[in-house]
Amino acid sequence: MFVKKMAVISFIVVISSIVLIANNSDFYYSKGDSTQMTPQEIIIGQEKAILNRWITGDTFGFIEAASEEITYFDPGLEKRCTGKTEFHNWIAAFNGTFSLTNYELLDPQVQMHGDVVILTFNFIGFMVDGSKDYWNTTEVYKLIEGDWKLISSHWSQTKPKR
């Protein structure tokens, strides 16, 4: 009798779990305590944390977020940076050489594909001299050993609307 009751309880738990998973189209990652964030919120938050460092001239936020396999493009490069060593050498050379007063991260879109996320957004950097710098950005993150790591980054300058 006890074994029969346990089998029924186990069956109910399994079915309930399947129903909950099937009905939950948006999954969550826990971020400490009781705060829960969607992967989209985590990715955008991580990018903003990196950019908050960037505008002070601290380029190491991007380096720390990069995976070993990162690929990187920007208008200052003749060809793609491939791998963390090349990326580090390129980005670290700018550390402490600039600062911005602020930035806007506009219209972020996060596309999830399993353990890979594509983040696209427009970036406006507010320069110390009052000018603005406009960029189109694509960042590709992959979940590696529990952390979202940058595996590809592409920044291209754009013209502002007149």
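The values are calculated or read from the model by the stated rules, or taken from the named source; none is laboratory data. Please read all numbers here as calculations on a predicted model, not as lab measurements. Cβ sites come from the backbone with ideal geometry, for glycine too, and all protein chains shown count toward neighbours.
Things worth noting here:
- Residues satisfying the criterion are absent from the range 61-71 (criterion: over 22 Å from P39 (Cβ atoms), surrounded by fewer than 16 Cβ atoms within 10 Å (Cβ to Cβ) and in contact (Cβ under 8 Å) with a residue 12 or more places away in the chain).
- Number of the condition not met by T82 [criteria: (1) surrounded by 14 or more Cβ atoms within 10 Å (Cβ to Cβ); (2) β-branched (V, I, T); (3) within 15 Å of S152 (Cβ to Cβ)]: (1)
- The condition of being in contact with a Ser or Thr (Cβ under 6 Å, 6 or more places away or on another chain) and not acidic (D, E) holds for only one of N89, N102, N136, that being N136.
- Among residues of the range 86-106 that are among the acidic types (D, E), those with a Cβ under 9 angstrom from a residue that is assigned to a strand (DSSP E or B), sequence gap 6+ or separate chain, pair up as E86/I70; E86/Y72; E104/N122; E104/F123; E104/I124; E104/G125; E104/F126.
- Where a residue in the range 36-49 is loosely packed, with under 14 Cβ neighbours inside 10 Å and its partner, wherever it lies, is in a helix (DSSP H, G or I), with Cβ under 7 Å and at least six apart: A49/G61
- Residues of the range 49-59 satisfying the condition of being among the hydrophobic types (A, V, I, L, M, F, W, C) and farther than 14 Å from K149 by Cα: L51, W54, I55
- In the range 93-122, the residues that are aromatic (F, W, Y), more than 14 Å from the chain's Cα centre (by Cα) and part of a strand (DSSP E or B): Y103
- Scanning the range 146-158 turns up one or more residues that are free of Cβ contacts under 8 Å to residues at least 24 places away in the same chain and not aromatic (F, W, Y).
- Set side by side, the residues S16, S25 differ, and just one is at pLDDT below 55, loosely packed, with under 13 Cβ neighbours inside 10 Å, outside any helix (DSSP H, G or I) and more than 14 Å from the chain's Cα centre (by Cα), which is S25.
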